[in-house]
1. Distance between the C-alpha centers of segment 281-332 and segment 88-131? Whole Å please.
2. I'd like the FRET efficiency for Ser226 and His468, computed as 1/(1 + (r/R0)^6) with the beta carbon distance as r and R0 of 41 Å, rounded to 0.05.
3. Sort Arg321, Arg81 by heavy-atom solvent-accessible area, probe 1.4 angstrom, most to least.
4. For Arg418, project a label point 7 Å along Cα to C-beta. Then give me every residue of segment 360-378 with its amide nitrogen under 20 Å of that point.
5. Where both partners of a DSSP beta bridge lie in the chain, what percent of those bridges are antiparallel, to the nearest 5?
6. Can you classify segment 135-287 as rounded, prolate or oblate using the Cα gyration tensor, where a ≥ b ≥ c are the square roots of its eigenvalues, rounded means a/c under 1.5, and otherwise it's prolate if a/b beats b/c and oblate if not?
7. Count of lysine pairs in the chain with Cα atoms under 15 Å apart, counting only pairs 8 or more residues apart in sequence or on different chains?
8. Calculate the FRET efficiency for Arg89 and Gln340 from the Cβ-Cβ distance with a Förster distance of 60 Å, rounded to the nearest 0.05.
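The values are calculated or read from the model by the stated rules, or taken from the named source; none is laboratory data. The model shown is predicted, which means the values in this text are computed figures rather than measured ones. Cβ atoms come from the backbone with ideal geometry, glycine included; neighbour counts cover every protein chain shown. Ligands, DNA and RNA are excluded from the accessible area calculation, which covers all protein heavy atoms including side chains. Shrake-Rupley method; radii C 1.70, N 1.55, O 1.52, S 1.80 Å.
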Amino acid sequence: MIEVGVPKVSVVVPAYNSGRHIEKLVASLLRQSLPADEFEAIFVDDGSTDDTGARLDRLAAQHQQIRVLHIENSGWPSRPRNLGIEHARGEYVFFADDDDWFADRALERLYDCAKTYDADVVIGKMAGHGRGVPRELFRKNRFDATLANAPLIDSLTCHKLFRRAFLNEHDLRFPEGGRRRLEDHSLVVRAYFLSRRTCVLSDYTCYHHVHRRDESNVTAALLDPSSYFASVCDALDIVDAHTEPGPLRDRLHRRWLRNEMLNRLRGKRLLTAPEDWLEQFALETRKVIQDRFAPGVAAGLPPLLRAVAYLAERGRVADLRRLARWEAGIGAYGTIDDVQFADTAVTVTVAAELRSAGQPIGFRADDGRDVLVLPVEEIDPLVLDATAQVRKARLDVVARRRETGDEIFLPVSFETERVAGRSGAETVHLRHRGTTTIDFGALNGGRTRGSWLLKARVTTAGWTEDAHLPLLFVCRADGSRPRIRDERKVWNRVRSAVGRRVRR
């Protein structure tokens, strides 16, 4: 039984020199379908030096659901978030950032999910704007998710709904004391292990996660490898305290190896890194691989990332740069082979493949195995064994609403063709062909108003890349048949691309 007058949700927002970037978040809070007397937004002004504090005070004076705390600058979001928990009155607490925003029914949907399933933690579907979000986690609703049965470990940011009593029961707080990278991880990982029930709400995009182009937000600066890896090890300690050696621990450890280490040693991220920083980061990576990870951690990676780990462990920084230059040119290339209309449904046949600098990603035969071909020599062929990944390679077709960034996985049937390379049967590459039917009368629960783009998403050997397809569907609110925007330009482009095999 909830005490009368107690809000259902408290939204806690650290704010530092937010300026105009905070306006979209505030506007989204004022649009919430949850009544104003059923939630509160607690903005913690972390010693801003611009007009952020005054701006927030004006908002609080105008809107009953907005509260403001002013503190001396702590330099990091942890202290403001912890103070937000202490001052929160809601049954549940959601941590938001000042430059992100909510969908209109987000708080209502999150709270209803929490109450329906008596959840300690609810993760609402996120849309990324210039930054990645955990796509696989949101492939479907999950109302009893654990670290063992779901890819929860892919979502370690704090932008979630937590039962406030649960946070207090286990003293779940963000680490304070200066700039602590990955401060979310220690709280979220502990919460996953301690939660009596965790839900993933995937049928409604709740939260829009933004990468600020001006990169003036507090966590954007180049990280210090020494303190950064101390934070990584803190998170690994939590995993070790709650698991026994074995496949589950290896899978959870693999998340930090993949995301926090190897992904910083590949592609464009590595190429923009200063040389001295790269040397130190590679050294710290090598230490953690050797000191903390069982052999099964790296062994469970796809071949591309196994190769990066192999080179990092041996200190081969020059080869890491060579591999990064090659990988920076990789992308998915897709075409539309057929389009058919039937009332509000559209059936689309697409083909897609991965390429680097225009050339398909190749695999060569080696003693019955498919071995990934990379532009770096002296790598153990077992490290590059891609047989399992070639077998599991997949094509997804994704619809993305241009106005909001909502992404929907579409049902797709696909086949993967092995295509011989130019030199004959010694090398092959993979070409995927799939068909999907999009019913715009039912897509996204019928919430289809707006413009929808299509993407072919190719996953294999350590890459997941999107190919944008030349179709743009415009839907009205009345559920009528979608139309293609700019009929003359877009439609002719599609008809030309598919050899006029388009049926309307």
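1. 35
2. Details: r = 40 Å, r/R0 = 0.97.
With a Förster radius of 41 Å, E is 0.55.
3. Details: Arg321 40, Arg81 5 Å².
Of Arg321, Arg81, the descending order of accessible area is Arg321, Arg81.
4. Within reach of a label on Arg418: 360-374.
5. Values: 73 of 101 bridges.
Within the chain, antiparallel bridges account for around 70 percent of the total.
6. Working: a/c = 1.61, a/b = 1.43, b/c = 1.12.
Cα axes put segment 135-287 in the prolate bin.
7. Working: Lys8/Lys115; Lys8/Lys160; Lys115/Lys160; Lys125/Lys140; Lys125/Lys160.
So the count of such lysine pairs works out to 5.
8. On the way: r = 55 Å, r/R0 = 0.91.
Efficiency at R0 = 60 Å is approximately 0.65.
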